[in-house]
Structures are given as C-alpha cells and as structure tokens.
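Report on one structure; see the data block that follows.
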Amino acid sequence: MRVNEPSPDPAAQSKYQVRFDWGRRGAGRIAEGVRLLVWVDVLPGTGSLPSASIVGLAPQRAAVLESGLVDASATARWILAEQERLGERAFIAIVAAGDAEAGFSADDLLGAGAVIDALAALGIDDSSPEAAVAASAFGGLRRAVRHLTSASASGRAASAAGMSIGELHDAAALDASEAARVLRGGAEASVD
C-alpha cells in the first residue's frame with residue numbers, strides 16, 4: 001500500500017473470499033467486489049425483504065441467492081459450480097436477514113453458518129473471522145437447529161403470527177431441499 005492510498009475499510013472484509021454480515025447495511029459493507037451474494041432468511045415472511053430488494057443489494061454482475069437451513073448445502077454446491085463456470089476465485093457475501101435494528105436473529109445466524117460450513121466442506125474456506133464465527137456457531141449447535149429456530153424470538157414471533165410448529169420445524173430441516181434458490185444468475189466471467 002502506498003502512503004497516500006486510503007486503507008480499505010476493515011468492515012468490508014475485502015481480503016477474504018467468504019464474508020459475513022447482517023441486514024441491508026451489512027450487505028452494503030461487504031458486497032463490493034463480490035461475484036455472489038447469499039441472503040439468508042430461515043423464516044421468510046417474518047419481515048423479510050422482497051426478492052427485488054435483495055437483488056438490489058448486490059453488485060450488478062453478481063449472482064444472488066436466497067438460502068436458509070433447508071438448502072444450505074444446495075446453495076454451497078451451486079456456488080462452487082458458479083465459481084468453476086467463472087473460471088476464477090469468486091468472492092462471496094453471506095448476509096443474514098436479521099440485523100441489529102430488528103434485534104438478534106438466532107435462526108438467521110444458524111442458517112448463515114450452515115451455508116458457510118457447507119462452503120468450507122467443499123473447499124471454499126478462506127473465511128473472514130465473522131464468517132468463521134457464524135460457521136462455528138452452526139457447527140456447535142447443528143443438532144439443535146430445529147428446536148433453536150422454533151424457540152428463538154423469530155420463531156416465537158412466527159408462531160404468534162400463525163405459523164405452526166410443524167412449519168417452523170420444516171423451515172429448519174437442515175438440507176431438506178436439493179435445489180438452490182437463485183434470484184439472479186451471475187454475469188459471464190470478465191475477459192480482462
């Protein structure tokens with residue numbers, strides 16, 4: 001770095017391939033230069049963003065996915081395939097839907113951790129400390145995600161809004177789906 005060059009914002013986590021943050025503001029902090037943005041919302045419909053708003057958080061050429069516990073591994077496999085298609089190391093922003101303004105969201109932290117953990121299992125493991133903490137939280141609590149999701153503040157709010165315990169458990173069924181939820185595919189690899 002030259003003396004007159006500004007140093008990068010540490011909150012951007014820009015030196016890491018896998019980055020993690022919370023909500024819209026977090027997406028703004030970590031999305032610069034990424035080729036993939038994953039919006040993690042374990043209990044959609046409990047204050048979640050519409051798809052168009054999620055897509056708007058990512059750089060123009062970036063692929064955008066929505067994920068949760070049910071499709072964490074499918075999302076990771078899609079990301080690996082996209083990285084191979086691009087023919088280059090793809091930087092990834094994992095963004096938990098909950099944020100500090102709405103209150104801590106245990107279910108979205110676990111969902112983000114599940115995606116990060118699944119990426120690491122596929123060899124995409126250059127994670128920021130923030131991403132590593134999310135993956136570790138998931139790893140330590142993997143066997144309790146269904147209970148924690150339904151017992152969390154978000155789960156109790158969803159229950160109060162009419163979601164049944166069965167629906168809550170279905171939303172937290174780890175890797176129950178084999179399909180990634182792609183909101184926008186990525187652009188072709190650059191030919192610089």
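Things to note:
- When each of ALA158, ALA187, ALA131, ALA179 is tested for being surrounded by 15 or more Cβ atoms within 10 Å (Cβ to Cβ) and either within 17 Å of the chain's Cα centre (by Cα) or under 26 Å from ALA31 (Cα atoms) (or both), the lone residue that passes is ALA131.
- Selected residue (criterion: surrounded by the fewest Cβ atoms within 10 Å (Cβ to Cβ)) from residues of segment 100-124 that are part of a loop (DSSP other than H, G, I, E, B) and modelled with pLDDT of 95 or more: GLY123
- Scan segment 37-61 for residues that are among the hydrophobic types (A, V, I, L, M, F, W, C) and buried (at least 23 other Cβ atoms within 10 Å of the Cβ) and the total you get is 8.
- Residue check, LEU174 at pLDDT 95 or above and assigned to a helix (DSSP H, G or I): no
- Applying the set (1) surrounded by 19 or more Cβ atoms within 10 Å (Cβ to Cβ); (2) at pLDDT below 95; (3) more than 14 Å from the chain's Cα centre (by Cα) to ALA97 leaves exactly one unmet item: (3).
- Of all residues in segment 81-111, those being small (Gly, Ala, Ser) and closer than 11 Å to VAL18 by Cα number 2.
- Considering the conditions (1) touching a strand residue (DSSP E or B) at 6+ places or on another chain (Cβ under 7 Å); (2) buried (at least 21 other Cβ atoms within 10 Å of the Cβ); (3) not hydrophobic (A, V, I, L, M, F, W, C), GLU82 is excluded by exactly one of them, (2).
- Near pairs, Cβ below 8 angstrom, 6+ apart or cross-chain, from segment 129-145 (under 15 Å from ASP107 (Cβ atoms)) to any residue that is surrounded by fewer than 21 Cβ atoms within 10 Å (Cβ to Cβ): LEU141/LEU148; ARG142/LEU174; VAL145/LEU174
The values are calculated or read from the model by the stated rules, or taken from the named source; none is laboratory data. Everything numeric in this text was worked out from a predicted model, so none of it was measured. All Cβ positions, glycine included, derive from the backbone under ideal geometry; neighbour counts span all protein chains shown.
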